[in-house]
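Chemist: Right, I'll just put the structure down here and ask away after.
The values are calculated or read from the model by the stated rules, or taken from the named source; none is laboratory data. Just so we're clear, the structure is a prediction, and the values are computed from it rather than from any experiment. Here the Cβ positions follow ideal geometry from the backbone for every residue, glycine too, while neighbour counts run over all protein chains shown. Heads up: the accessible areas ignore ligands, DNA and RNA and are worked out on the full protein's heavy atoms, side chains in. Shrake-Rupley method; radii C 1.70, N 1.55, O 1.52, S 1.80 Å.
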Amino acid sequence: MSQNLVIVESPAKAKTIEGFLGKDFLVKSSFGHIRDLSHKKMGVDIENGFIPDYEVSSDKKDLVKELKKDVKKADIVWLATDEDREGEAIAWHLFEALDLSKKEVKRIVFHEITKTAIQKAINNPRELDYNLVNAQQARRILDRLVGFELSPVLWKKVQRGLSAGRVQSVAVRLIAEQERKIQAFEYSSAFRIQGDFEAENGVLHAEYSKRPDSKEGVIALFENLKNAQFAVNSVESKPAKRNPSAPFTTSTLQQEASRVLSFSVSKTMMIAQRLYEAGKITYMRTDSVTLSQDAIDACANFITNAFGDKYLNSKQYSTKAKGAQEAHEAIRPTYMENEGNDLSGDEARLYGLIRNRTIASQMSAAEFLRSTIKIGISTDDNHFIAKGEILVFDGFLKMYQAGENKDVILPKVKEEEALNRLDIAAKERFSNHPPRFNEASLVRKMEELGIGRPSTYAPTISTIQKRNYVIKEDRDGKQRSVHSITLQGEEIEAVLLTENFGAERNKLFPTDIGLVVNDFLFEHFDKIMDYHFTANVENLFDEVAEGSMDWQKMLENFYGEFHTNVEDVTENSERANGLRELGVDPKTGEKIIVRIGRYGPMAQLGEGTEEEKPKFASLRAGQSLESITLEEAIELFKLPRQLGEFEGKVMTAAIGRFGPYIRHDGKFVSLKEDDPLEVSGERAIELILEKRQADLDKIIHQFDQEEPLIEVLKGRWGPFIKSEKKNYKIPKDVDATTLDRAACEEIMKNQPAKRKKATTRKKTTAKKKTTTKKK
C-alpha cells in the first residue's frame with residue numbers, strides 16, 4: 001500500500017512524475033480545477049465580506065470520491081500542483097474538498113519535471129501560501145462580480161445571451177479602436193524611385209532620396225536626369241552588432257511561435273503544456289527572462305563544445321515586465337543537450353524554437369559591416385543612396401535566425417568615381433493603414449499595457465472569439481491602379497498597372513455585435529473599460545499575493561461604486577443596437593436602416609404600418625453596420641430570389657440566420673462559395689444533388705417500414721440514431737452496422753439519464769490553517 005499520495009493537475013504530469021518516485025508513492029491527477037463558484041445566484045455572499053460559495057464541478061464528483069478513498073489509505077498527501085497562483089488555488093481547493101486537515105499535508109512546487117527537481121521538492125516541502133490563494137480567489141470573485149452584473153445589463157439593453165468581462169471587454173476595445181483607426185485612415189501616395197548605376201567593379205542599386213507625390217513631378221525629374229552626370233559623393237562603412245534576444249517568456253513565446261511557426265496563441269500553449277508535462281521544458285506560464293545558473297552553465301558547455309569559445313557570451317537577463325510574479329525562470333529546455341530527436345511534428349518544432357532561443361541568448365552578438373554610398377547628381381541637389389550589409393561574424397545567428405539575414409554586398413567604389421546611369425524606375429506607393437492585430441500582437445499590446453498576466457492571455461483571446469465579439473479570418477485584398485514610370489536611355493515611359501492590396505491573413509476583426517457592445521460599455525462603464533484601471537487591478541492582485549493588501553478590502557473598494565453604476569445604467573440608459581440610417585430606397589421611397597436584430601446585423605426597409613410590415617434582410621459576410629452603403633443594402637432586398645424550378649418545386653436563394661442558402665422542397669443547402677445574388681439555377685441543381693448524395697453517404701440504416709422513421713447515421717463523433725428530430729447515443733461496445741429496428745428502439749428507450757446540476761454547496765474561504773504532523 002502506498003504511504004504517500006501525490007496529487008497533480010494533469011494525468012500526463014502524473015505519469016511523468018510517477019516514473020521518478022518509488023513504489024511508496026501513488027501519483028493521481030485532479031484533471032485541473034475540481035471546484036468553482038456556484039452558479040446559483042452569484043456564487044458570492046457580498047453582504048458578509050464577499051465569501052465565495054464553492055461547489056464541486058458536476059463532472060468531478062466521481063473523481064473526488066476516488067481521491068477521498070486514496071486519501072484515507074495514505075499517511076502523507078503531497079499537493080504538487082503548479083507554482084503559480086492558479087496552481088496554489090487548485091491545491092487549496094483539494095485541501096478543502098478532500099478534507100485534508102485531518103491528514104499530514106505537504107505542499108511541493110517545482111519549475112521543471114525532472115528527477116532532480118522532484119527530489120529537491122520532496123526534500124523541501126512548504127505550507128500552502130494563502131496569499132497566493134487569496135490573490136487568485138480575489139481575481140475569480142471580481143471577475144464573477146463583473147460578469148454577473150454586467151451581462152444582464154447587456155441582455156436588457158443590447159441583446160439576450162451576451163456577456164462581459166473585466167479583461168475580455170478591454171481586449172475587444174483594443175481591437176475595436178484599431179478597426180476604427182483603419183476605417184478612418186486616408187491613403188496617400190508617393191513615388192519610390194530606384195536606379196541602377198554602373199561602376200568600375202559592378203552595379204550599384206540605389207534609391208532616390210526624395211519621394212515625389214505626383215506623376216508630373218516624376219516626369220519632370222526624369223527630364224532633368226536625362227542629361228545628368230552621376231558620381232560617387234561619399235562612401236561610409238562602419239561596424240554594427242546585433243545582440244541575441246532574451247529567453248522566452250509566455251508572451252514572447254506566443255509571439256515568436258506565431259511569426260515563425262504560424263501557431264495560434266492557444267495552440268502554442270497547448271503544445272508547451274504537453275512539453276512541460278513530459279519533462280521537456282520548464283514551466284510555460286512565466287513573465288521572467290532569468291535563467292538558473294545550472295542552465296547558464298549547461299548552455300556554456302554546449303556552445304563551447306559545438307562552436308568554440310568565440311561564440312560564448314554568458315549573461316543573466318533581468319525581467320522588465322512590471323509586476324512579474326508568475327514564476328522564477330524563463331521557458332527553457334530541462335536538459336540543454338537534448339536536441340528533441342525523440343519528438344515529432346509540432347512538439348518538435350516548438351521545442352526546437354525554445355531550445356535554440358535559450359542557447360542563442362548565451363551567445364555572442366552577430367557582427368556586420370554596414371556600408372552607405374551616396375551618388376551625386378550634376379543637375380539636382382538630391383542624391384541616390386545605395387546601402388549594403390555584410391555579415392562578418394554570425395555569433396548567435398549560428399543558433400537562432402531572428403529574421404531574414406541576407407548579405408547585400410556593394411561593389412567597391414571610390415569617392416568621385418564617375419558612374420554610368422542604366423535604368424531608373426519610379427513606382428507609385430501608397431501609405432499603409434495601421435495594422436490589424438493578430439493573436440500574437442494582441443498579446444504583446446496587452447502585456448505592454450499591463451492587462452492580464454501570462455496565464456490569462458490565451459483564455460482571453462479564446463473567449464472573445466467564442467463570444468463572437470471578434471472573428472479571426474483571412475480576407476482577400478482589393479485592386480487599385482498604380483502609376484509606373486521608367487527612364488531608359490532618353491525614353492520616358494509611363495504606364496498604369498493594377499495591383500492587389502489589403503489582403504489579411506489570420507487577423508482579428510471586431511464583429512458588429514462586438515462593436516455595439518464595446519460602445520455601450522465604453523459609454524456607460526468607462527472605468528471598467530479603462531486600460532489603466534484594468535492594469536491597476538492586476539497590480540492590486542499582485543499586492544494581495546505579496547500579503548500587503550487584504551483581498552476582501554480590495555473587493556469592497558471596487559464593488560460599491562461599480563454596483564451603483566450598474567443600477568444607474570439599468571434604470572436610465574437607452575437601448576443600443578448600432579442603428580444607422582443609410583438613406584431612402586429610390587423605388588419605394590422608404591427609409592433604409594441597418595441595426596442589430598434578434599439574429600445579428602440586418603437591414604430594414606420601411607418603418608412598417610398596421611397594413612404592411614417592414615422588410616428585413618441579413619447582412620452578408622464581410623459587410624458591417626458601420627461600413628455598408630445604401631447601394632449595398634438595396635441589393636440585399638433583392639433576396640429571396642427565385643432560381644427556377646427543379647422536380648416541379650421552386651428553388652429560392654436567400655440569406656438566413658446561419659448564412660446564405662438555397663431552399664428547395666422544404667430542405668436547405670448552404671452556399672459556402674456561391675453568391676446568393678448571382679448563383680444560377682443550373683448551379684443550384686448541382687448543389688442540391690451534391691447535398692442529397694452527402695446525406696445518403698451518412699446513412700448506415702434506414703427503417704421506414706412503419707412510423708416513426710428511425711435512421712442510423714454517421715456523425716462527427718461516430719454513429720448515432722436519429723428519430724423524430726432527436727438524436728440518441730449508441731453504446732461504444734455496439735456495432736452500428738448490425739443494428740435492426742428493434743435494437744434501435746431498445747437503445748432509444750434506455751438512454752442514460754442526463755446529469756443533474758449539483759445542488760449541495762459549501763461556503764468556505766481561505767483561512768490560514770496549521771498542519772499537525774504525525775508523531
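Chemist: Given the condition β-branched (Val, Ile, Thr) and either closer than 30 Å to Gln751 by Cβ or modelled with pLDDT under 90 (or both), answer yes or no: does some residue in segment 704-716 qualify? Break it down into steps so the answer makes sense when it comes.
Modeler: Going through segment 704-716, the residues β-branched (Val, Ile, Thr) turn out to be 710, 712.
Still in the list and also either closer than 30 Å to Gln751 by Cβ or modelled with pLDDT under 90 (or both): 710, 712.
Yes.
Chemist: Can we say Val71 is over 22 Å from Arg285 (Cα atoms), open to solvent by less than 20 Å² (accessible area, probe 1.4 Å) and part of a helix (DSSP H, G or I)? Walk me through how you get there before you give the answer.
Modeler: Details: over 22 Å from Arg285 (Cα atoms): yes; open to solvent by less than 20 Å² (accessible area, probe 1.4 Å): yes; part of a helix (DSSP H, G or I): yes.
It is true that Val71 is over 22 Å from Arg285 (Cα atoms), open to solvent by less than 20 Å² (accessible area, probe 1.4 Å) and part of a helix (DSSP H, G or I).
Chemist: So the check is Cβ under 9 Å with 6+ separation or different chains; which pairs have a first residue in segment 124-147 that's aromatic (Phe, Trp, Tyr) and a second one that's open to solvent by less than 20 Å² (accessible area, probe 1.4 Å) and part of a helix (DSSP H, G or I)?
Modeler: Within 9 Å, the pairs are Tyr130/Glu88; Tyr130/Trp92.
Chemist: Quick one: is Glu607 of a type outside the set (A, V, I, L, M, F, W, C), closer than 29 Å to Pro510 by Cβ and surrounded by 13 or more Cβ atoms within 10 Å (Cβ to Cβ)?
Modeler: Numbers: of a type outside the set (A, V, I, L, M, F, W, C): yes; closer than 29 Å to Pro510 by Cβ: yes; surrounded by 13 or more Cβ atoms within 10 Å (Cβ to Cβ): no.
No: the conditions fail for Glu607.
Chemist: If the requirement is being open to solvent by 20 Å² or more (accessible area, probe 1.4 Å) and not in a helix (DSSP H, G or I), which of these qualifies: Arg166, Arg173, Arg140, Arg160? Outline the logic, then answer.
Modeler: Details: Arg166 fails: open to solvent by 20 Å² or more (accessible area, probe 1.4 Å); Arg173 fails: not in a helix (DSSP H, G or I); Arg140 fails: not in a helix (DSSP H, G or I).
Testing whether each residue is open to solvent by 20 Å² or more (accessible area, probe 1.4 Å) and not in a helix (DSSP H, G or I) leaves just Arg160.
Chemist: Do you know which of the residues in segment 558-587 that are surrounded by 13 or more Cβ atoms within 10 Å (Cβ to Cβ) and among the polar types (S, T, N, Q) is modelled with the lowest pLDDT?
Modeler: Asn577
Chemist: Output the qualifying pairs, or none if there are none: Cβ atoms under 9 angstrom, residues six or more apart or on different chains, first residue in segment 301-317 and closer than 9 Å to Met363 by Cα, second residue loosely packed, with under 13 Cβ neighbours inside 10 Å.
Modeler: Filtered contacts from segment 301-317: Ile303/Asp309.
Chemist: Inspect segment 27-42 for any residue being surrounded by fewer than 21 Cβ atoms within 10 Å (Cβ to Cβ), farther than 30 Å from Glu543 by Cβ and of a type in the set (D, E, K, R) and give the result as yes or no.
Modeler: Looking for residues that are surrounded by fewer than 21 Cβ atoms within 10 Å (Cβ to Cβ), farther than 30 Å from Glu543 by Cβ and of a type in the set (D, E, K, R), one finds at least one in segment 27-42, hence yes.
Chemist: Considering segment 542-557 alone, what residues qualify as being open to solvent by 60 Å² or more (accessible area, probe 1.4 Å) and among the polar types (S, T, N, Q)? Don't jump to the end; show me each part of the working.
Modeler: First, pick out the residues of segment 542-557 that are open to solvent by 60 Å² or more (accessible area, probe 1.4 Å): 543, 546, 548, 550, 553, 556-557.
Once the filter is applied, which keeps residues that are open to solvent by 60 Å² or more (accessible area, probe 1.4 Å) and among the polar types (S, T, N, Q), segment 542-557 yields Ser548, Asn557.
Chemist: Write out, first by first residue and then by second, each pair whose Cβ atoms fall under 6 Å of each other, whose residues are 6+ apart or on separate chains, and whose first residue, in segment 660-671, is farther than 14 Å from Arg641 by Cα and in a loop (DSSP other than H, G, I, E, B) while the second is basic (Lys, Arg) and open to solvent by 20 Å² or more (accessible area, probe 1.4 Å).
Modeler: Asp665/Lys649
Chemist: Can you name the helices (runs of 4 or more DSSP H) wholly within segment 189-281 that have at least 1 residues being out of contact with any helix residue (DSSP H, G or I) (no Cβ under 8 Å at 6 or more places or on another chain) and closer than 30 Å to Met399 by Cα? Full working, then the answer.
Modeler: Details: elements: 215-225, 250-261, 265-277.
Here the list reads 250-261, 265-277.
Chemist: Does segment 337-357 contain at least one residue that is open to solvent by 50 Å² or more (accessible area, probe 1.4 Å), at pLDDT below 90 and of a type in the set (Lys, Arg)?
Modeler: no
Chemist: Moving on. May I ask you to verify whether Ala220 is in contact (Cβ under 8 Å) with a residue 12 or more places away in the chain and either aliphatic (A, V, I, L, M) or within 30 Å of Tyr457 (Cβ to Cβ) (or both)?
Modeler: On the way: in contact (Cβ under 8 Å) with a residue 12 or more places away in the chain: no; either aliphatic (A, V, I, L, M) or within 30 Å of Tyr457 (Cβ to Cβ) (or both): yes.
Spelling it out, it is not the case that Ala220 is in contact (Cβ under 8 Å) with a residue 12 or more places away in the chain and either aliphatic (A, V, I, L, M) or within 30 Å of Tyr457 (Cβ to Cβ) (or both).
Chemist: Scan segment 176-184 and give yes if some residue there is touching an Asp or Glu at 6+ places or on another chain (Cβ under 6 Å) and outside any loop (DSSP other than H, G, I, E, B), otherwise no.
Modeler: Initially, segment 176-184 is screened for residues touching an Asp or Glu at 6+ places or on another chain (Cβ under 6 Å), giving none.
For segment 176-184, residues touching an Asp or Glu at 6+ places or on another chain (Cβ under 6 Å) and outside any loop (DSSP other than H, G, I, E, B): absent.
Chemist: Here is a further query. Need the failing condition index for Lys732 against (1) at pLDDT 90 or above; (2) of a type outside the set (Val, Ile, Thr); (3) open to solvent by 60 Å² or more (accessible area, probe 1.4 Å); (4) assigned to a loop (DSSP other than H, G, I, E, B), just the number.
Modeler: Every condition holds for Lys732 apart from (1).
Chemist: Among the candidates Ala135, Ala91, Ala97, single out the residue that is within 23 Å of Val44 (Cα to Cα), at pLDDT 90 or above and either open to solvent by 40 Å² or more (accessible area, probe 1.4 Å) or touching a Ser or Thr at 6+ places or on another chain (Cβ under 7 Å) (or both). Can you show your working first?
Modeler: On the way: Ala135 fails: either open to solvent by 40 Å² or more (accessible area, probe 1.4 Å) or touching a Ser or Thr at 6+ places or on another chain (Cβ under 7 Å) (or both); Ala97 fails: either open to solvent by 40 Å² or more (accessible area, probe 1.4 Å) or touching a Ser or Thr at 6+ places or on another chain (Cβ under 7 Å) (or both).
Going through Ala135, Ala91, Ala97 in turn, just one is within 23 Å of Val44 (Cα to Cα), at pLDDT 90 or above and either open to solvent by 40 Å² or more (accessible area, probe 1.4 Å) or touching a Ser or Thr at 6+ places or on another chain (Cβ under 7 Å) (or both): Ala91.
Chemist: To continue, here is another question. Looking at segment 249-268, I want the residues that are modelled with pLDDT under 95 and of a type outside the set (A, V, I, L, M) and have a partner that is open to solvent by 30 Å² or more (accessible area, probe 1.4 Å) and part of a helix (DSSP H, G or I) with Cβ atoms under 6 Å, at least 6 apart or on another chain. Which pairs are those?
Modeler: Qualifying pairs under 6 Å: Ser251/Glu447; Gln255/Arg444; Ser266/Ser462.
Chemist: Kindly provide the set of residues from segment 73-102 that are of a type in the set (D, E, K, R), farther than 20 Å from Gly22 by Cβ and in contact with an Asp or Glu (Cβ under 8 Å, 6 or more places away or on another chain), ordered by number. Walk me through it before giving the result.
Modeler: So the first thing to find is which residues in segment 73-102 are of a type in the set (D, E, K, R), and the list is 73, 75, 82-86, 88, 96, 99, 102.
With the extra rule that they be farther than 20 Å from Gly22 by Cβ, the set shrinks to 82-86, 88, 96, 99, 102.
Those that are of a type in the set (D, E, K, R), farther than 20 Å from Gly22 by Cβ and in contact with an Asp or Glu (Cβ under 8 Å, 6 or more places away or on another chain): Asp82, Asp84, Arg85, Glu88.
Chemist: Filter segment 278-306 down to residues that are open to solvent by 20 Å² or more (accessible area, probe 1.4 Å) and charged (D, E, K, R) and give me whichever is farthest from the chain's Cα centre (by Cα).
Modeler: For segment 278-306, the residue satisfying everything is Asp297.
Chemist: Let me ask something additional. Out of everything in segment 489-533 that is surrounded by fewer than 19 Cβ atoms within 10 Å (Cβ to Cβ) and in a loop (DSSP other than H, G, I, E, B), what residue ends up being nearest to the chain's Cα centre (by Cα)?
Modeler: Residue satisfying both the conditions and the ranking: Ala503.
Chemist: Still on this model: In this structure, is Ala494 touching a residue at least 60 places away in the same chain (Cβ under 8 Å) and in contact with a strand residue (DSSP E or B) (Cβ under 6 Å, 6 or more places away or on another chain)?
Modeler: Numbers: touching a residue at least 60 places away in the same chain (Cβ under 8 Å): yes; in contact with a strand residue (DSSP E or B) (Cβ under 6 Å, 6 or more places away or on another chain): yes.
Yes, satisfied.
Chemist: Does segment 142-156 contain at least one residue that is within 25 Å of His532 (Cβ to Cβ), acidic (Asp, Glu) and touching a Leu at 6+ places or on another chain (Cβ under 8 Å)?
Modeler: Residues of segment 142-156 that are within 25 Å of His532 (Cβ to Cβ), as a first pass: 142-151, 153-154.
In the following step, the residues that additionally are acidic (Asp, Glu) were identified as 143, 149.
Pick out the ones that are also touching a Leu at 6+ places or on another chain (Cβ under 8 Å) and you get none.
No, there is no match, as no residue in segment 142-156 is within 25 Å of His532 (Cβ to Cβ), acidic (Asp, Glu) and touching a Leu at 6+ places or on another chain (Cβ under 8 Å).
Chemist: For Lys315, indicate whether it is part of a strand (DSSP E or B) and either under 16 Å from the mean Cα position of the chain (by Cα) or closer than 30 Å to Glu389 by Cα (or both).
Modeler: Working: part of a strand (DSSP E or B): no; either under 16 Å from the mean Cα position of the chain (by Cα) or closer than 30 Å to Glu389 by Cα (or both): yes.
No; evaluated as a whole, the condition is false for this residue.
Chemist: Follow-up. Can you confirm whether segment 640-649 contains a residue that is under 19 Å from Val679 (Cα atoms), open to solvent by less than 40 Å² (accessible area, probe 1.4 Å) and not in a strand (DSSP E or B)?
Modeler: Checked against the condition, which is being under 19 Å from Val679 (Cα atoms), open to solvent by less than 40 Å² (accessible area, probe 1.4 Å) and not in a strand (DSSP E or B), segment 640-649 yields no hits at all.
Chemist: For segment 364-481, which fully contained strands (runs of 3 or more DSSP E) count at least 1 residues that are modelled with pLDDT of 95 or more and out of contact with any Ser or Thr (no Cβ under 8 Å at 6 or more places or on another chain)? Write out each step before concluding.
Modeler: Numbers: elements: 366-377, 380-393, 418-430, 470-475.
The strands (runs of 3 or more DSSP E) meeting that bar are 366-377, 418-430.
Chemist: For segment 218-252, how many residues are closer than 28 Å to Glu416 by Cβ and aromatic (Phe, Trp, Tyr)?
Modeler: Final tally of qualifying residues: 2.
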